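Any read-out appearing in this document is the output of simple, stated calculations on the displayed coordinates, not a laboratory observation. Given the structure is predicted, the values throughout are model-derived calculations rather than measurements. Note that each Cβ is placed from the backbone with ideal geometry, even for glycine, and that neighbours are counted across all protein chains shown.
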Amino acid sequence: MTPPGPRQLPFPYGDGRGEGRLLQHVKGEIVDEWKRRVRTAAHELGFIRTEPALARFVPNLIDRIIFAGEEVSGEVLIPSARFIEGCTLAEAVRELSLLRSTMLRVVARAGIKLSSHTIEFVHHEIDQAVAEITTEIHRVASMQRALRDEDEDRMRLALEAAQVGTWEFRPQTGELTWDARCKELWGLPRHREASYEAFVNGIHPEDRTRVDAIVQHTMDPRSGGTYHIEYRAIGLNGGEEKWVSCQGKVFFDEHGRAERFIGTVLDITERRREADFRERFVGMLGHDLRQPLSVVSFASETLSKQGLQRDTGELVRRIARSSDRMDRMIRDLLDFARGRQGGGIPIARKPLDLHELMRHLVDEIATVNPRRKIQLAVDGEGRGHWDPDRITQVFQNLLGNAVTYGKSDEPIFVVMVEEGAHVEVAITNYGPPIPESDRGMIFSPYRRGGRARAAERAPRGLGLGLYIAQEIVRAHGGSIEVTSDRDTGTTFTVLLPRY
């Protein structure tokens, strides 16, 4: 847009120069007082503004009045999106109304005499500015709507291509909105409205309670409002079972109440079937390998008792050690398969003194690693009902990791304390901290973080140890967590209910 030429005034304005030029002497005073009045008015309405919305536009408008009828070079003296960006129509009308009264007040205070024609012209220019700003705001809004509609169309096409459904839930009214993909997954006709009841009824009966509990938890502000879950759906007609992955986010009002819950749903049935097949295959493979491995172990044990020559005896011992390692890996594979196929790792609870078990394990580790110092501290009662073999498996893994990754000249601390109906066990080492990027996935199967890969002494296992440890602890109704930094070391904390 180019600067306009000489303007044709709607009525006489003196000689076109004199009275308008008088306003130039008080322009700064007009602008300063106008800004103060705008801030005061905004504060009274409950807004906090450091600058008026039209702070960049008003000085140009005053120049337009001052230089009316003259050639103006330089800045364009008409509204522009860069001058009124973020301004609403209500703000524009309110601020220009205050400008009108401020100009007349400052002019009168300065003793400037303006003719009725000039005063009428001031009113006309401000009215004209309101009209021009209204047009500009509507133009910008229309352009933004067009861009937003275009972005929404692109997003819709991307979601449709990926077969991702979208939904929105209003907890305070119970209103649930599904797009066409969500309705298709749940078997809901397109003309029918969705409801939370329909959502729950379309979930597999065995998963309904869990899913509903997680939804309710997510709508508690203390949860952080992030939603991610995988579960089975059968649809409203009890059709074919499918697996879905849902992700979402809850938005809370100023009182901490959930007011909007939005998210996506994706059919992951094929992915789950492939994963189930792999896990079943791993389980069958592990089971089938045990028989030939037991023959190798038995043969190496028998040969070791035959009084063999030194070199031959060493070979037999290597075979035995490798067989033991293979046996541990196969047991890990079988435990992994059990945990992933829905049944969980089986446990057999028996009366057990956890303190005594830990003392035995610490002595055992110290015997194998005589240069490492392990300090054990116990407090309170250590008796309860747990599976001795499985709990041993958990703490052997955690103690073994502490020896492997901890500094050789720093002690390992094992602290056991009574926590009401629970026993808490914390195992700390002072090796390099676990990278933050690895911590969130450290209990996932087949994960070996950067610290494990870098450690020279790290055992070359399958990366299932911590996953299996977590599954065993969960089977006991407990929890396992990790913290790690350079100052306080790496600590794995296990919390086990006694019964």
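Computed values, structure above
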item	result
Cα-based Rg / Dmax (Å) for the range 350-497	14.5, 40
Separation in nanometres of the label points that stand 7 Å from Cα toward Cβ, at Leu89 and Ala141	0.5
Estimated FRET transfer efficiency (Arg349, Glu168; beta-carbon r; R0 56 Å; 0.05)	0.75
Label point distance in nm, Arg148-Glu356, each placed 7 Å from Cα along Cα→Cβ	7.1
Neighbour-count order for Trp386, Trp178, Trp243, fewest beta carbons within 10 angstrom listed first	Trp243, Trp178, Trp386
Ranked list, fewest to most other Cβ atoms within 10 Å of each Cβ, for Ile119, Ile374, Ile62	Ile119, Ile374, Ile62
Cβ-Cβ FRET estimate between Arg318 and Met441, R0 fixed at 45 Å, reported to 0.05	0.85
Local electrostatic count, Thr493, Cβ distance below 9 Å [Lys/Arg +1, Asp/Glu -1]	-2
Label-point gap, in nm, between Asp485 and Ile262 - each point 7 angstrom along Cα→Cβ	3.5
Mean projection area, nm², convex hull over Cα of the range 215-280	5.7
Charge sum, other residues only, whose C-beta stays under 13 Å from Pro411's C-beta, Lys/Arg counted +1 and Asp/Glu -1	+2
Computed lengthening from Ala299 to Arg272, 0.36 nm per intervening residue step minus Cα-Cα distance	5.6 nm
Alpha-carbon spread of the range 161-225, three principal axes, descending order, Å	35, 26, 25
Reachable lysines, given that their alpha-carbon falls under 27 Å from the alpha-carbon of Lys249 and they are not under 8 places away in the same chain	Lys183
Hits among lysines - C-alpha to C-alpha of Lys35 under 16 Å, sequence gap 8 or more where chains match	Lys27
